[in-house]
Amino acid sequence: MRGDEEGFGDGVAHRILLSLKYYDAILGVPGVELRLHDTTLYASIFRADETLLVNAHVYGSPAAHNPVLHLRRIPGGRVVDHYLTSFDKVWTRLHQ
């Protein structure tokens, strides 16, 4: 669906398959996980401990044309927790 929405057709699916191939080299590293899902994509979230890179998706626009937010947990801050709650909901949904 995203390929159609962004005007790339099957190109998005092929880019995903190519990206997955690049991750092969790090998948055996302790603590590294790759999680796939089929939920509607609002943002790509890349997590490293308490730091997140969030690529916010704009409808009809390729990910590379949208902002990437570099977020770090700070005392009293809730933005990172908000994104992590979303991240965990998707992960939980996969294991039901």
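With each label modelled as a point 7 angstrom along the Cα→C-beta vector, the F8-A48 pair spans 2.3 nm. With contacts taken as Cα pairs under 8 Å and at least 6 residues apart, the chain reaches a relative contact order of 21 percent. Measure nothing but the geometry: give the 0 to 90° angle between the long axis through the Cα atoms of 11-23 and the longest principal axis through the Cα atoms of the chain, rounded to 10°. On a 0 to 90 degree scale, this one is about 50.
I'd like the orientation of helix 79-94 relative to the chain: the angle between its Cα long axis and the longest Cα principal axis, in ° from 0 to 90, rounded to 10. That helix lies at roughly 60 degrees to the long axis. Can you give the Rg/Rh ratio of the chain, where Rg is from the C-alpha atoms and Rh is the Kirkwood radius? Taking Rg over the Kirkwood Rh, I get 0.97.
A dipole drawn for the chain from +1 and -1 charges on Cβ atoms has a positive end, and of Y22, L69, H37 the residue lying farthest that way is L69.
Placing +1 on each Lys and Arg Cβ and -1 on each Asp and Glu Cβ, with no other charges, gives the chain a dipole about its Cα centre of roughly 240 debye.
Computed from the coordinates by the stated procedures, all read-outs in this text should not be read as laboratory data. Note that the structure is predicted; figures quoted are calculated from it, not measured. Virtual Cβ from ideal backbone geometry, glycine too; neighbours counted across all protein chains shown.
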